[in-house]
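The values are calculated or read from the model by the stated rules, or taken from the named source; none is laboratory data. Everything numeric here is computed off the predicted structure, so don't read it as measured data. Backbone-built Cβ (ideal geometry, glycine too); neighbour counts: all protein chains shown. With ligands, DNA and RNA removed, areas are computed over all heavy atoms of the protein, side chains included. Shrake-Rupley method; radii C 1.70, N 1.55, O 1.52, S 1.80 Å.
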Amino acid sequence: MRTQRAIILMIIFLFAAMPTYGAADYVDAPTKEASDLMRKYALADNQEQKQALEEIAALAKKNKSNENVIRIYTQILASSGHYKKAIDVLEPFTRERPESALLLQECMLKDRVRQHDALCYKNALSAAEKKGVNNLDYLMILYFSGDERFEQAKEKYLIHNGSDAIISIFDKSRDEVLRQLYPK
């Protein structure tokens, strides 16, 4: 169980970190420290996890504007089922940075705790469209907001990315997708 949790957390981290920095190149010292703490958390027993979580919470508090640190911290919270706490961390961050990619995570976590926020998705969609993106996050926003452009965007995504197995996630209901992404 511990090994499985460690693998899942590491995969989450790697996917979250890829757009921001390469495997060994860190944007800044707090990002490296957060990454190290995530590894420590993933490989730790319960007591050590508590300590690592306290350390990363302090790091996030000290680095409130560092998107990488906030991303790592909220992913640890979400992966351990602390959805409301993750939302509490994300809300002030995304309020200050409405263009942040973390807005989608906030929206989905709100859905997961049955507090659907249509305005959250509207803001996430606006931010994605300003950036001109057609990636998986954009599809998630369209899907969860029930936007009529979803099918067209999905087809466009498939044309540009080939047959992508991850697209099959959209064959499930919104609740099933949320439970798959946030199982606790």
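The trypsin sites (Lys or Arg not before Pro) of the range 113-146 that DSSP puts in a loop, and whose beta carbon has at most 13 other beta carbons within 10 Å, are ARG114.
The modelled label-to-label distance for the pair GLN152/GLU176, using points 7 Å beyond Cα in the direction of Cβ, is 2.7 nm.
Computed over neighbours whose Cβ is under 15 Å from that of GLU129, the net charge equals +1, Lys and Arg +1, Asp and Glu -1. Compute the helix-to-body angle for 29-43: its Cα long axis versus the longest principal axis of the chain, expressed 0 to 90° and rounded to tens. Compared with the principal axis, the helix lies near 80 degrees. Using Cβ point charges alone (K and R +1, D and E -1), the dipole size of the range 62-184 about the Cα centre works out to roughly 480 debye. Heavy atoms only, probe 1.4 Å: what % of the accessible area of the chain goes to carbon and sulfur, would you let me know? Here it works out to 53 percent.
Our helix-only sum for the chain, with -39,500 (n - 2.57) per DSSP H run of n ≥ 4 divided by its residues, gives a mean residue ellipticity at 222 nm of -22500 deg cm²/dmol.
Annotation: per residue accessible area for the chain equals 56 Å², rounded to a whole number [probe 1.4 Å, protein chains only].
For the peptides 176-182, 82-88, residues were scored by their other Cβ atoms within 10 Å and the scores averaged per peptide; the highest-first order is 82-88, 176-182.
Relative to the longest principal axis of the Cα atoms of the chain, the long axis of helix 102-112 makes an angle of roughly 80 degrees. Over 25 Å between Cα atoms, which of LYS61/LYS172; LYS130/LYS154; LYS131/LYS184; LYS84/LYS154; LYS62/LYS131; LYS50/LYS85 qualify? Those over the limit are LYS61/LYS172; LYS131/LYS184; LYS84/LYS154; LYS62/LYS131.
To the nearest 10, the accessible area of VAL89 is 30 Å² with a 1.4 Å probe.
For ASP175, neighbours were defined as the other residues whose beta-carbon sits under 13 Å from its Cβ, and their charges (Lys and Arg +1, Asp and Glu -1) total +3.
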